[in-house]
Amino acid sequence: MRKIRIAGVQGFYGDSPLGAMMVAMMGSADYLVQDALSELTLSILQKDKLKNPELGYARDIEIFASRVYPIALSKGMKIVINSGGLHPLAAAKRVSEICKEKGIHAKIAAITGDNLLPVMNELQEKYNFKNLDKEQYLHELPFEMTHANVYTGAQKIKESLDQGADIVITGRVADPCLTLGILAHEFQWNLTSPSEEKEWDLLAKGILAGHLIECGAQVTGGNSYARWDGQNDDFATIGYPIAVFFEDGEFYITKTEGTGGRVTRDTVREQLVYEIHDPSSYITPDVVVNLCGVEIIEERENMVWLKGAKGSKRPDQLKLCIGLKEGYLSEQLFYFSYPNALQKVKSFEKAAKEIWQIMSFQPDEIRFQYLGLNGIHESAAPVYEDKVTESLNEIGLRIVIKHEKEDLGKKMIQSIVCLGLNGPPGIAASMNWGKNGSVRLGLFPTLIPREEVHETIHFL
């Protein structure tokens, strides 16, 4: 039976290209998929675009294009990526330039249309956009919109590959739909109007495969608590996942032979429930997936089969993620040494608050995080007994200030630097207090009817 091998070789913007190089050099896959985007990433890319309108894409695409794509293309592999971010066409042009410099001819498709920022004023006259996470409406907010991108589906990826694209570069295509587009092309699935239950089930299985490999090595033992013991982890050479998908919808997850990490039932099921919200109704642009009946079968070492995903009609609305310029963010790190490190931190925090009250600063929000105690989980972290905290070698204090005026955070930090000499002993700090705050971009997730989204394929 015919099969297709799809490797997930990037799980985030900034991921290592080494895994992709190993897949390409070993010829372990027919397609490379790179998922570089998250909601946070869109905000990062928007900061780039504010500085230079020709940016807005994941710039590590240049590393992959120069080091990985020549090898992959020479072996007949094709590449599907959402690294285009906020500017897929600019990303495609840059990749095209690099390919030409390397003497490589590649047909490149850039998919646009997910960016709705130019028409948001018009759309707001038609729709009352409500925040998906809280009781809040877009028209109530005073903030400037910085980007507005729709999570789109797999159709244009399929069409691009149908027309012979070697590399497909998209904007905010939903993560698992990168893989679904490949499968729909290879097996000529109907994405727009499936009429039978088995057709929806095939799409669901394609989404499941894409979901499992979208985060790269997270399913092959990276960032995993499955059998975590801190030994024999081989993180430096960890292999990235490969979905081996058969025409009938059956598939298994594996990795390149000889690489680090592992594919087990536990590593797979950890990724299975990652970021899906309701497992009985995992909503994607192309199909709603029911994962509750999925079987996970570890047939042998580094081969895990998944069976039983069920699909139903795709949603009428798509997710729209709107970026808002909500002001500025300033942060400063201080470090306090043994003995009595915790008492020193608390004393410093108390003095800082008193100084700011005297000077009548009015920020939007201030957070104090004790690195080593609650820097990650904040109030959810357990409170340790005094005998534990008294023995700590050091504690870091992270101060984060949200503010509207660009220089307010700088002034607030500068006003407490004096505590380096005037406060508790044994203190060190990062030299950050002479800088204005960075732009604070908030996110407003909402829904929009799919008929308002019009995608276009550009070939280079």
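The values are calculated or read from the model by the stated rules, or taken from the named source; none is laboratory data. This one's a predicted model, so the numbers in the text were calculated from it and none came from an experiment. No Cβ is skipped: glycine too gets one built from the backbone with ideal geometry, and neighbour counts run over all protein chains shown.
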Residue that is surrounded by fewer than 19 Cβ atoms within 10 Å (Cβ to Cβ) and among the acidic types (D, E), where the choices are E159, E140: E140
Tally, over segment 102-125, of residues that are in contact (Cβ under 8 Å) with a residue 24 or more places away in the chain and over 28 Å from the mean Cα position of the chain (by Cα): 2
Inter-residue pairs, beta-carbon under 8 Å, first without any contact (Cβ under 8 Å) to a residue 60 or more places away in the chain and in segment 21-35, second surrounded by fewer than 24 Cβ atoms within 10 Å (Cβ to Cβ) and part of a helix (DSSP H, G or I), 6+ apart: M21/R67; M21/I71; A24/I71; M25/I71
Candidate set from segment 52-80 (those that are out of contact with any helix residue (DSSP H, G or I) (no Cβ under 6 Å at 6 or more places or on another chain), part of a loop (DSSP other than H, G, I, E, B) and modelled with pLDDT of 95 or more); member that is surrounded by the fewest Cβ atoms within 10 Å (Cβ to Cβ): G76
Residue match in segment 44-51 (condition: farther than 19 Å from I322 by Cα, in contact (Cβ under 8 Å) with a residue 24 or more places away in the chain, buried (at least 22 other Cβ atoms within 10 Å of the Cβ) and in the same structural domain as A110 (by TED's automatic domain parsing)): no
Yes/no for E275 being modelled with pLDDT under 95 and of a type in the set (D, E, K, R): yes
Residue within segment 332-353 that is at negative phi, aromatic (F, W, Y) and either surrounded by fewer than 17 Cβ atoms within 10 Å (Cβ to Cβ) or out of contact with any strand residue (DSSP E or B) (no Cβ under 8 Å at 6 or more places or on another chain) (or both) present: yes
Odd one out for G206, checked against (1) part of a helix (DSSP H, G or I); (2) over 21 Å from the mean Cα position of the chain (by Cα): (2)
Per-region count, segment 219-246, residues in a helix (DSSP H, G or I) and either at pLDDT 95 or above or outside the structural domain of M25 (by TED's automatic domain parsing) (or both): 1
A352, sole failed condition from (1) more than 30 Å from L132 (Cβ to Cβ); (2) among the small types (G, A, S); (3) within 29 Å of the chain's Cα centre (by Cα): (3)
Qualifying residue in segment 206-228 (condition: touching a residue at least 24 places away in the same chain (Cβ under 8 Å), in contact with a helix residue (DSSP H, G or I) (Cβ under 8 Å, 6 or more places away or on another chain) and exposed (fewer than 14 other Cβ atoms within 10 Å of the Cβ)): yes
